[in-house]
Amino acid sequence: MTNREKLLRCLSQVQFALWELHLYLNTHPTDMEAIALHEQYEIKLLKLRDEFEEKYGPLTANVGEGVDWLKNPWPWDIEGD
């Protein structure tokens with residue numbers, strides 16, 4: 001397993017734990033230990049993501065506003081010469 005794959009696996013594990021804590025906190029919103037653990041995992045995830053992106057490039061595509069491409073004219077909307 002390459003270093004890249006190891007880092008991706010670690011990212012996936014932390015993201016999974018973070019999501020599980022998120023789901024738990026939906027039903028136990030006053031559990032201070034879980035809240036603190038969620039915050040720790042969130043910080044860890046951000047650090048891992050930054051490390052990965054610094055070494056290997058972005059994990060996700062930057063789409064800007066997200067819907068800008070919908071505002072542009074489509075090929076059939078452009079009138080010919």
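The values are calculated or read from the model by the stated rules, or taken from the named source; none is laboratory data. Nothing here was measured: the structure is a model prediction, and the numbers come from that model. All Cβ positions, glycine included, derive from the backbone under ideal geometry; neighbour counts span all protein chains shown. The area values use the complete protein model at the heavy-atom level, side chains included, leaving out ligands, DNA and RNA. Shrake-Rupley method; radii C 1.70, N 1.55, O 1.52, S 1.80 Å.
Below is a table of values for the structure above.
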{"quantity": "Selected from 7, 57, 73, residue furthest toward positive end of dipole (the chain; charges at beta carbon)", "calculated": "7"}
{"quantity": "Cross-link reach list, aspartates and glutamates versus residue 71, counting only Cα pairs under 20 Å and skipping chain neighbours closer than eight places", "calculated": "79"}
{"quantity": "Accessible-area value, residue 49, 1.4 Å probe, nucleic acids and ligands omitted, Å²", "calculated": "90"}
{"quantity": "Prolate/oblate/rounded call for the chain, Cα gyration tensor, a/c under 1.5 rounded", "calculated": "oblate"}
{"quantity": "Straight-distance crosslink candidates among lysines, where the alpha carbon sits under 22 Å from residue 47 and sequence neighbours closer than 8 are dropped", "calculated": "6, 55"}
{"quantity": "Charged-residue dipole, Cβ positions (Lys, Arg, Asp, Glu), the chain about Cα centre, Debye nearest 20", "calculated": "520"}
